[in-house]
Amino acid sequence: METNLPVDYLPILIQFFVAAGFVVTTMVLTHLVGPKRDSKNKLESFECGIESVGNARNPFSIKYFLTAILFVLFDVEVIFMYPWAVNFRELGIFGFVEMLIFMTFLLVGFFYVIKRKALDWE
Amino acid sequence: MDFTFLIDKTILVAIIFAISLGIAAYSTYFERKFAGFFQDRIGPDRAGPFGILQPIADGVKLVMKEEIIPAGANPFLFIAGPSLSMLTACMTTAVLPWGSYLEIGGRKIPLQVADVNIGILYVFGVVSLGVYGLMIGGWASNNKFSLLGAIRAASQNISYEIAMGLSIIALVMMSGTLSIGTIVEQQQNSYWYVVLQPLGFLIFLICSFAETNRTPFDLPECEAELVGGYHTEYSSMKLGFYLFAEYTNMFVSSAVMSALYFGGYSVPFISALHLDQNLVAIIGTLAFFGKILFFIFFFMWVRWTIPRFRYDQLMKLGWQILIPLSIINIVLTGIFILVFDK
């Protein structure tokens with residue numbers, strides 16, 4: 001039974017309300033039940049027992065940013081492939097060759113990224 | 001749509017929700033019990049007979065503990081992080097088929113909350129939202145260990161998501177649909193997809209270890225370098241939610257693996273016995289949970305067998321080995337379908 005009506009998604013909404021209800025109830029409950037004895041030292045951020053220095057909102061390695069940018073590119077490619085994969089049998093050999101060409105372009109870019117050492121973490 | 005439809009679905013949602021939370025809670029107990037077994041110790045045995053009440057004791061303890069929000073943290077995001085983690089972990093179960101259908105009073109009740117025809121995409125969408133929970137929580141803590149843990153988690157999860165998506169594409173090429181319910185039905189009368197897609201399954205399995213931040217990919221919280229990783233500053237039930245979400249995710253990815261590659265609720269040759277439909281549905285559901293529990297055990301088994309990766313090895317495996325391998329898998333699958341299936 002494959003239909004695609006908005007009503008098919010209604011149970012997901014029910015599940016969302018159940019899950020959100022559970023999360024909010026537990027959060028409120030733990031807030032009300034737990035003891036509250038704050039002190040200045042207790043509220044300092046943890047740094048292995050020594051006094052914490054500065055703020056954690058520091059610059060960090062550019063590698064993480066590069067990974068995220070590359071992820072966006074490649075994930076869009078992956079999404080392009082889903083409609084093709086669903087209709088693979090109908091498209092037959094024509095669709096397969098088209099996708100091989102697409103993948104070759106993708107792999108040329110991928111090869112370039114590896115050669116430029118964008119993914120090396122040494 | 002009528003009123004009984006809504007009631008059916010609400011009851012089903014409540015049951016599945018309770019079962020998934022129950023299994024997640026008890027996997028913490030069995031994780032410790034198995035850890036004890038693998039290391040020749042006893043494991044938890046104080047709360048109740050054989051320590052069977054341990055998860056309840058842990059849960060009550062976490063709720064009763066003091067809630068600390070560090071002075072430098074952003075309070076709203078600090079609370080939003082674990083809540084989002086838990087919420088996304090609970091949402092994925094909506095599109096999984098837990099059994100075929102029951103016949104009660106002449107009505108067919110499918111044991112699936114929502115059989116939407118984009119099931120696989122829904123699972124991916126919700127799973128990738130989960131990374132926001134870790135990222136927001138780790139950043140909001142305003143702690144250097146948390147920040148490092150959070151960006152590690154984010155970059156690891158997104159890296160393995162590509163290989164995971166590509167490994168599923170080969171499966172979708174064979175099934176021709178994105179509905180998980182239909183994929184399970186196809187496997188009832190044919191081979192399980194693990195037979196047709198062994199390489200795809202292996203890639204999917206490795207990626208689900210990385211997505212759930214389990215050993216050997218638990219770098220976001222590797223205690224030797226980062227104290228507790230992204231949840232260093234967390235206490236009380238907010239910490240509990242992060243840990244609970246991890247175990248719920250483990251349950252969910254075990255369920256997705258069993259449904260996509262191991263036939264879900266299908267039991268081989270059961271149609272030859274000509275049993276009553278309700279009995280078949282119940283046996284199928286039990287078989288599905290058996291498969292899920294096996295995979296949860298597998299997660300724990302691997303944890304005590306394989307040491308942790310180094311971060312550069314982790315990124316190298318994800319980008320330079322798994323992605324090319326899954327593209328090769330897609331090409332091989334294409335050739336296989338075109339040659340043998342015409």
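The values are calculated or read from the model by the stated rules, or taken from the named source; none is laboratory data. This one's a predicted model, so the numbers in the text were calculated from it and none came from an experiment. Using ideal geometry, Cβ is built from the backbone for each residue, glycine included, and neighbour counts are taken over all protein chains shown. In case anyone asks, the SASA skips ligands and DNA or RNA and just uses the protein heavy atoms, side chains included. Shrake-Rupley method; radii C 1.70, N 1.55, O 1.52, S 1.80 Å.
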Run the quick spin-label model on residue A:28 and residue A:116: label points 7 Å from Cα toward the beta carbon, then report their separation in nm to one decimal.
5.1
Exposure ranking of B:145, B:340, A:60 by accessible area [1.4 Å probe, largest first]:
B:340, A:60, B:145
Just which residues of the stretch A:83-122 lose 40 Å² or more accessible area with every protein chain there, against their chain alone, with the probe set to 1.4 Å?
A:85, A:86, A:88, A:89, A:96, A:103, A:110, A:119, A:121
Please give every one of the lysines within straight-line cross-link reach of residue A:115, meaning a C-alpha to C-alpha distance under 18 Å, and leave out same-chain neighbours fewer than 8 residues apart.
A:63, B:316
Relative to the longest principal Cα axis of chain B, at what angle does helix B:323-340 sit, 0 to 90 degrees, rounded to 10?
0
Just the number, please: carbon plus sulfur as a percent of the accessible area of the stretch B:86-188, 1.4 Å probe, no ligands or DNA/RNA counted.
66
Principal-axis tilt of helix B:54-64 within chain B, Cα atoms, nearest 10 degrees
50
May I ask you to list the aspartates and glutamates whose Cα is less than 13 Å away from that of residue A:40, ignoring any residue fewer than eight positions away on the same chain?
A:51
Three-way shape call for chain A based on the alpha-carbon gyration tensor, with the a/c threshold at 1.5:
oblate
For residue B:102, tell me the accessible area in Å² from a 1.4 Å probe, rounded to the nearest 10.
40
For the stretch B:3-340, convex hull of alpha carbons as volume per residue, Å³
157
In the A-B interface, the accessible area buried, summed over both sides, Å² (probe 1.4 Å)
6900
Run through the stretch A:1-93 and list the GluC sites (Glu not before Pro) located in a DSSP loop whose Cβ has at most 13 other Cβ atoms within 10 Å.
A:2, A:51
When we measure straight from the Cα of residue B:65, which aspartates and glutamates land under 16 angstrom away, once same-chain ones fewer than 8 places off are left out?
A:38, B:233
Name the shape class, rounded, prolate or oblate, that the alpha-carbon gyration tensor gives for the protein assembly as shown, where a ≥ b ≥ c are the square roots of its eigenvalues, rounded holds for a/c under 1.5, and otherwise prolate holds if a/b is larger than b/c and oblate otherwise.
oblate
Treating the beta-carbon of each Lys and Arg as +1 and of each Asp and Glu as -1, no other charges, what is the dipole magnitude of the protein assembly as shown about its Cα centre, to the nearest 20 debye?
720
Given a 1.4 Å probe and heavy atoms of the protein chains only, how would you sort A:9, B:132, B:230, largest accessible area at the top?
B:132, A:9, B:230
Of B:152, A:57, which has the most accessible area with a 1.4 Å probe, and how do the rest follow in descending order?
A:57, B:152
Helix B:144-175 against the longest principal axis of chain B: what's the angle in degrees, Cα atoms only, rounded to the nearest 10?
10
